[in-house]
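What follows is a short report on a single structure.
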Amino acid sequence: MQRLAKRFPNLEIVSADILESDIATIAGGKRVRVYGNLPYYITSPILHHLFGSAEIIDEINIVIQHEVALRARGQAGGTARLRLSLPC
C-alpha cells in the first residue's frame with residue numbers, strides 16, 4: 001500500500017467494515033470516490049449504506065457478481081429483484 005500512496009498522493013486506502021463505517025468521518029469534509037469488489041451476499045446492504053452518503057460521494061466504482069447486476073436491473077427471471085431495481 002505504501003507504493004500506491006507514493007504514486008498517488010491523494011489516495012487513501014481504508015481497510016474497514018464498510019457497513020460499520022461512517023463515510024462522512026472517513027471523508028473528513030471532502031468529497032470522495034469509492035472503489036471496491038463487493039461480496040455477493042451483502043452487495044445490496046453496502047450499496048444502500050453508500051447511497052445514504054450520496055451527498056459526499058462523487059463516484060462509486062465497484063465490481064459485483066454478474067447475477068447481482070442482472071437482479072439490480074430486474075432481469076433475473078422477473079421475481080428475484082433487488083430493492084435497488086424497484087421504482088421509488
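All of the numbers you see were taken from the coordinates with simple rules; none came from a lab. For clarity, every value in this text was computed on a predicted model and none was experimentally measured.
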### Query
Along the stretch 45-61, what does the Karplus equation 6.51 cos²θ - 1.76 cosθ + 1.60 (θ = phi - 60°) give for ³J(HN,Hα), rounded to whole Hz, x for Gly and Pro?
x, 5, 4, 5, 5, 5, 4, x, 10, 4, 5, 10, 9, 7, 8, 10, 10
### Task
Report Rg (one decimal) and Dmax (nearest whole number) for the stretch 1-67, counting Cα atoms only, units Å.
12.6, 37
